[in-house]
Amino acid sequence: MGKGKAEMSMKRTHFVLQLVGGLAALAWLLAAPVAGADSKGKTKVKAAFENTGVQPAAEGKVAFKAKSGQSELEFEFEDLDPTKTYTLSCDGTTWATFQAGAAELHFSSSPSPGEPMLPRDPRGASFALNDASQDVLTVVLSGPGEPAGSQASDKGSLDDSGLPPRASTKTSFVRKSKGDKVWNVSGQKLPAGSYKLMVDGEDEAEFEIEKEGGKFKLRFADPQKPGKDLPLDFDPRDSLVELEGPSGVMASSDGSPSIDGLDACDESEVEVPLAAIGGVGKGKSELKVDDDCDKSFEVEIEEVPEGAYDVTVDGVVRGTLQAAFNAAKGEVEGEIEWETDPDDPGELLLDFDPEGALVEVKQGDTVFFSGIQTPPLPGAPGGGLCTESETQVALVSTGAIAGAKGKADLDVDDDCDEDFEVEIEDVPEGAYDVIVGGVLRGTIQAVFNPANGEVEGELEWDSDPDDPGELLLDFDPRGQLIEILDGGIVILERTFPS
């Protein structure tokens, strides 16, 4: 065989194929070099719901498209009983409720305002449409148990972390509407040696790569073409796939190819103190992201009057927490939690995106706590270092105070520490409120400075405050309107650059 070609022996209990040089019928195994593997998966799925017989005319279908950074899941329902109230559930968790004879539901990993967020990777999940008493329509999306006529296409790679530099793998799975299935696994620039492809611990293929920088390609199919295909009598989308080589398990995958931002994320945990607008109590919000993209969002308050408090995120009420006296702590407190995969009593479905959103705790129109749930910094767990930068802009006078001047400055260090400062001058002595993004962030005291003969004042926030007078930077000023107020009158303003 030529340089880098693989000599293969695929062994199954019911299928044995011995590959020898020059066997033209199996030339597909020695195809041209594979393009570099793409670690960011891509998938397309279509399926029709199965009717349980409760409403024989009812119909439903689902379509899922996903790639790195953008995933869309759409449902369409027709000919439902318009007098009924319906819930759509995913593996037993309610995702939506509606009352209509027909409906279209859309979930996105990057939702527009007012649109629900896609809570989790839906592949392999069971969906049911229930009429408040029994299931009307059901479907399994892209996995064992999916209905006849389903279509699926998954492209991605195995986790190549155990491979040497430049080596890579690629996978693709296709299920056609008639039920035909094909699964391809390939690799390139691999070390010489003996290899096995294992699926759920079972040896599905064995091959040799004779020289450094070799490649391989395996094709499994159902129905199988004898002498060409390996039998596909398992579902790789619901299996542990491992490539075992000279140094042990060198690449693996658990189920369908990972999609960045949907089921492959950097771990992070961001806690934000919420400002006590009325000066009473303490509050905070916290967003956690796991490496499999499961998210949890929690809001807590304490040292407040007992009662019910609405929690709004970007102006939308997402839940109500009950503040009650805790005898163990001797104080009033309350909390509420959302999860993309809720499994504990009291947890709500996280079907909205709190990153960068305004979080408020209210009773009626009275705001008790407010803050911006900042996204994870690039230097947070799982992230990298930051590029040092400084952005400074002059604030624009509204003319309310003649000659008033001001500026805003944001510094970012290489360790991702951020410092935000607002300065004003040539104004009468007194107190001036600083509003960022519609939220009161602090008050500047302008006083006479004999050194320069001017009245001036400043306020500083830091993501890691260590100097007296520095406030915690628990908001992101980028893209936000900055306003300086004198007794409720705006005297300086400017939208800070994004």
* **Rounded to the nearest 20 debye, dipole of the stretch 268-372 from Cβ charges on Lys, Arg, Asp, Glu** => 680 debye
* To do: Give me the distance between the Cα centres of the stretch 421-474 and the stretch 186-249, rounded to whole Å.
  => 64 Å
* To do: Obtain the nm distance between the two label points defined at D91 and V455 by a simple spin-label model: each point lies 7 Å from its Cα along the Cα-to-C-beta direction.
  => 6.2 nm
* To do: Sort all Cα-Cα distances of the stretch 268-372 into consecutive 10 angstrom bins from zero, then give the percent of pairs in each bin up to the one containing the longest distance.
  => 15, 49, 30, 5
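Using the Cα gyration tensor of the stretch 204-265, with a ≥ b ≥ c the square roots of its eigenvalues, what is the shape: rounded (a/c below 1.5), prolate (a/b larger than b/c) or oblate (neither)? Working shown, then result.
Working: a/c = 2.26, a/b = 1.13, b/c = 2.00.
Judged from the Cα gyration tensor, the stretch 204-265 comes out oblate (a/c at least 1.5, b/c at or above a/b).
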* Kirkwood Rh, Cα Rg: Rg to Rh for the chain? -> 1.09
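If a/c stays under 1.5 just call it rounded; otherwise compare a/b with b/c (prolate if a/b is bigger, oblate if not). Do that for the stretch 42-140, with a ≥ b ≥ c from the square roots of the Cα gyration tensor eigenvalues. Show your work: numbers first, answer last.
On the way: a/c = 2.03, a/b = 1.63, b/c = 1.24.
Note, shape of the stretch 42-140 comes out prolate.
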* **Cα-based reach from K67 at 16 Å (exclusive), listing lysines while leaving out same-chain residues under 8 positions away** => K40, K42, K44, K46, K155, K170
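At most 14 other Cβ atoms within 10 Å and a DSSP loop assignment: could you name the GluC sites (Glu not before Pro) in the stretch 401-448 that fit?
Details: sites: E418, E421, E423, E425, E429; in loops: E429.
Listed in order of number, the matching sites are E429.
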* **At R0 = 56 Å, FRET efficiency that the Cβ-Cβ distance of S112 and E210 yields, to 0.05** => 0.55
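Would you mind getting me the FRET efficiency between A63 and V367? Use the beta-carbon distance for r and R0 = 41 Å, nearest 0.05. The partial results should precede the final answer.
Values: r = 40 Å, r/R0 = 0.99.
FRET efficiency, A63 to V367: 0.50.
Can you pull the Rg over Rh of the stretch 429-498, Cα-only, Kirkwood? Kindly include the intermediate steps, with their values, before the conclusion.
Numbers: Rg = 13.0 Å, Rh = 13.1 Å.
Ratio value, two decimals: 0.99.
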* Added length on full extension, which subtracts the Cα-Cα distance from 0.36 nm per residue, E267 to E335 -> 22.2 nm
* To do: Pop a pseudo-label 7 angstrom from the Cα along the beta-carbon direction at both D343 and L471 and give the gap in nm to one decimal.
  => 4.1 nm
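So, by mean Cβ neighbours within 10 angstrom, what's the order for 432-445, 350-363 with the highest one leading?
Values: 432-445: 17.4, 350-363: 20.1.
Averaged packing, sorted descending, gives the order 350-363, 432-445.
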* To do: Taking every pair of alpha-carbon atoms in the stretch 130-191, give the share separated by more than 19 Å as a whole percent.
  => 53 percent
* Asked: Once the piece of chain linking D464 and K44 is laid out straight, how much longer is it, given 0.36 nm per residue of separation minus the C-alpha distance between them?
  -> 146.8 nm
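No value in this document is a laboratory result; all are computed from the given coordinates. All values derive from a computational prediction rather than experimental measurement. When we count neighbours, we look across all protein chains shown, and the Cβ atoms used for this are built from the backbone with ideal geometry, even at glycine.
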